[in-house]
Amino acid sequence: MRWLWVGTLLLCGCEVVFDPAKRKPCEPKPCAAGACGRFADGCGHSVDCKCAAPQTCGGGGAANVCGCTPESDADLCTAKGAKCGSLTADDNCGKSRTVGSCGTCELPETCGGGGTAKVCGCASQSDADLCAASEAMCGALVAKDNCGQTRSVASCGSCADPNRCGGYGDDNVCGAIFAFPNWSLPPESPGDFTDNRDGTVSDNVTGLVWQQAVGAVGEPWMQAKQYCANLALAGRVWRLPSRIELASLVDYDRNASPLINPSAFPDAAADRFWAASPYAVDRSAGWYVDFSTGYTGPDTGAVETAGVRCVSGAPPAPAQRYHVVDANLVTDTATGLTWQRGISPAEQTYSGASSYCTQLSLEGATWRLPNVKELESIVDETTYDPAIDTAVFLNKPSGSELYFWSSTTDVLVT
């Protein structure tokens, strides 16, 4: 038998036909789950196994294994643009994470204060809010706002007559200070009042109209002035009274506290009440009148709050306060009183002071010791050491001589 290759194979008497064109191809091995890198595919070739994002090859720390290392809290905050506050977001591995704090803000900035969540910022207050925060009621204002920026406000408001912006001596506050009495002085026991039945009382001696009820208690000085400027009562314009105006209400003849007419002011308190007059030594402090004793004095730091009773109206002031008669005499054109320009050559006891005045031989006039309200009328609270017009009143007092006797007795003691 002769063998010949013709593509036919004889085997055990059976005929098997082999067609190369129909030979079954090699099937490469697929990438194993989670595996990455270059691998043999079992068919004589290699295959690149890759990871699906956000995983990377070796990203979890094991070679040729797909994985992801979670970013730090700080990096997560940075990736999400969060600078402050807490954060809940998907991290670089697609996992939902919560970060307790992405940071804090330095004042005046707050988290989200600029309008963007998780970002430090500050929203500037309005002009009206800046005026209110600066306790400015009127006029132009230059001040730092809540964001620490210096701002200019053209106007914080206007004042109604007779108040003027800065009239109290404080910028941006409505008010008017009438430091001297523009009326004939009331007696030591004022009693000529009219109840207007509208929450106000008219003083028929001074011409002033008073808030009948105690306006406020426990107020700081600046807030007291604002309270009166903003008071809506009986259709009138109100202000905090000056020292001399408030002292005109003191009733030195009463033998019970408070020293004020109880019929005109039935709810009066035996307490200190603020006057608008600033203390010349420290203009951030004000004068007060104590209706438990009748004492008037400046706040030197011991008095932080006091009561408030507002006043309305202002009698016209004379064109010239004092008229100097000669070297010895001066007339107060507002009160009509004539005063000795000099002082006694030596300090006196109370009884000695009274005798000194009654025995005084000066210009042929009859002299007496002034009562406390008369004496208070020549106090000039715009100056100090001494608090008197030294161009009119001669012989500048000093030391203990700064205290002067009045004829008024203390009925609470005597």
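Quick check on segment 206-223: of everything there that is part of a strand (DSSP E or B) and small (G, A, S), which residue is farthest from D267 (Cα to Cα)?
Going through segment 206-223, the residues part of a strand (DSSP E or B) turn out to be 209-211, 216-219.
Add one more test, that the residue is small (G, A, S), and what stays is 216, 218.
Numbers: A216: 12, G218: 16 Å.
For segment 206-223, the residue satisfying everything is G218.
Go through (1) exposed (fewer than 14 other Cβ atoms within 10 Å of the Cβ); (2) of a type in the set (D, E, K, R); (3) in contact with a Gly (Cβ under 9 Å, 6 or more places away or on another chain) for D385 and report which single condition fails.
(3)
Could you tell me whether F291 is more than 16 Å from R239 (Cβ to Cβ), surrounded by 20 or more Cβ atoms within 10 Å (Cβ to Cβ), of a type in the set (A, V, I, L, M, F, W, C) and touching a Leu at 6+ places or on another chain (Cβ under 9 Å)?
Yes.
Can you spot a residue in segment 140-156 that is among the hydrophobic types (A, V, I, L, M, F, W, C), within 30 Å of G81 (Cα to Cα) and not assigned by TED's automatic domain parsing to the domain that holds T98?
Scanning segment 140-156, I find at least one residue that is among the hydrophobic types (A, V, I, L, M, F, W, C), within 30 Å of G81 (Cα to Cα) and not assigned by TED's automatic domain parsing to the domain that holds T98, so the answer is yes.
If I filter segment 324-332 for residues that are among the charged types (D, E, K, R), out of contact with any His (no Cβ under 6 Å at 6 or more places or on another chain) and closer than 18 Å to S407 by Cβ, do I get at least one hit? Working first, answer last.
First, pick out the residues of segment 324-332 that are among the charged types (D, E, K, R): 326, 332.
Subset that is out of contact with any His (no Cβ under 6 Å at 6 or more places or on another chain): 326, 332.
Of the ones still in play, those that are also closer than 18 Å to S407 by Cβ are 332.
Among the residues of segment 324-332, at least one is among the charged types (D, E, K, R), out of contact with any His (no Cβ under 6 Å at 6 or more places or on another chain) and closer than 18 Å to S407 by Cβ, which makes the answer yes.
Each row is one residue, and each column tells you yes or no for (1) surrounded by 11 or more Cβ atoms within 10 Å (Cβ to Cβ); (2) at pLDDT 85 or above; (3) of a type in the set (V, I, T); (4) outside the structural domain of C105 (by TED's automatic domain parsing).
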{"site": "V16", "(1), (2), (3), (4)": "no, no, yes, yes"}
{"site": "R23", "(1), (2), (3), (4)": "no, no, no, yes"}
{"site": "F39", "(1), (2), (3), (4)": "yes, yes, no, yes"}
{"site": "D48", "(1), (2), (3), (4)": "no, yes, no, yes"}
{"site": "C84", "(1), (2), (3), (4)": "yes, yes, no, no"}
{"site": "A89", "(1), (2), (3), (4)": "yes, yes, no, no"}
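Could you grab the pairs with beta carbons closer than 9 Å, sequence gap of 6+ or different chains, first residue in segment 354-378 and on the phi > 0 side of the Ramachandran plot, second one part of a loop (DSSP other than H, G, I, E, B) and of a type in the set (A, V, I, L, M, F, W, C)?
Note: pairs meeting the criteria are E363/V325.
Looking only at segment 224-282, count every residue that is in contact with a strand residue (DSSP E or B) (Cβ under 6 Å, 6 or more places away or on another chain), of a type in the set (A, V, I, L, M), under 25 Å from I388 (Cβ atoms) and in a loop (DSSP other than H, G, I, E, B) and tell me the total.
1
Tally the residues that are under 16 Å from L329 (Cα atoms) and touching a residue at least 12 places away in the same chain (Cβ under 8 Å), restricting the search to segment 379-394.
4
Among the residues of segment 57-82, how many are surrounded by 16 or more Cβ atoms within 10 Å (Cβ to Cβ) and not in a loop (DSSP other than H, G, I, E, B)?
Total satisfying the criteria: 7.
Does D73 satisfy the condition of being closer than 19 Å to C120 by Cβ and modelled with pLDDT of 90 or more?
Against the criterion (closer than 19 Å to C120 by Cβ and modelled with pLDDT of 90 or more), D73 qualifies.
Under 8 Å between Cβ atoms, at least 6 apart or on separate chains: pull out the pairs that start in segment 224-236 with a residue that is within 21 Å of R197 (Cβ to Cβ) and end on any residue that is loosely packed, with under 15 Cβ neighbours inside 10 Å.
L233/D198; L233/G199; A234/N196; A234/D198; A234/G199
Can you name every residue in segment 135-170 that is modelled with pLDDT under 85 and assigned to a loop (DSSP other than H, G, I, E, B)?
Once the filter is applied, which keeps residues that are modelled with pLDDT under 85 and assigned to a loop (DSSP other than H, G, I, E, B), segment 135-170 yields E135, A160, D161, P162, N163, G166, G167, Y168, G169, D170.
Among the residues of segment 402-414, which ones are touching a Ser or Thr at 6+ places or on another chain (Cβ under 9 Å) and modelled with pLDDT under 85?
Of segment 402-414, the ones touching a Ser or Thr at 6+ places or on another chain (Cβ under 9 Å) are 405, 407, 410, 412.
Answer for segment 402-414, where residues must be touching a Ser or Thr at 6+ places or on another chain (Cβ under 9 Å) and modelled with pLDDT under 85: D410, L412.
Of the conditions (1) closer than 30 Å to G235 by Cα; (2) without any contact (Cβ under 8 Å) to a residue 40 or more places away in the chain; (3) assigned by TED's automatic domain parsing to the domain that holds A247, G307 satisfies every one except a single condition; which number is it?
G307 satisfies every listed condition except (2).
Take the residues of segment 297-355 that are at pLDDT 90 or above and among the basic types (K, R): which is surrounded by the most Cβ atoms within 10 Å (Cβ to Cβ)?
Here the residue is R309.
Tell me which of these P190 doesn't satisfy, since it passes every other one: (1) closer than 26 Å to P298 by Cβ; (2) in the same structural domain as R243 (by TED's automatic domain parsing); (3) assigned to a loop (DSSP other than H, G, I, E, B); (4) modelled with pLDDT of 75 or more.
(4)
From I244, I260, which residue is touching a Leu at 6+ places or on another chain (Cβ under 6 Å) and assigned by TED's automatic domain parsing to the domain that holds G307?
Exactly one residue qualifies, and that residue is I260.
Consider only pairs whose beta carbons are under 7 Å apart and that are at least six residues apart or on different chains; among these, list those whose first residue lies in segment 261-280 and is among the hydroxyl-bearing types (S, T, Y) and whose second residue is part of a loop (DSSP other than H, G, I, E, B).
S277/I177; S277/A179; S277/S242; S277/E381; Y279/D299
Filter segment 322-357 for residues that are in a strand (DSSP E or B) and either within 13 Å of P370 (Cα to Cα) or touching a Leu at 6+ places or on another chain (Cβ under 7 Å) (or both) and give the result.
T338, W339, Q340, listed by residue number.
The values are calculated or read from the model by the stated rules, or taken from the named source; none is laboratory data. Not measured: the values here are computed from a predicted model. FYI the Cβ positions are ideal-geometry reconstructions off the backbone, even for glycines, and counts take in every protein chain you see.
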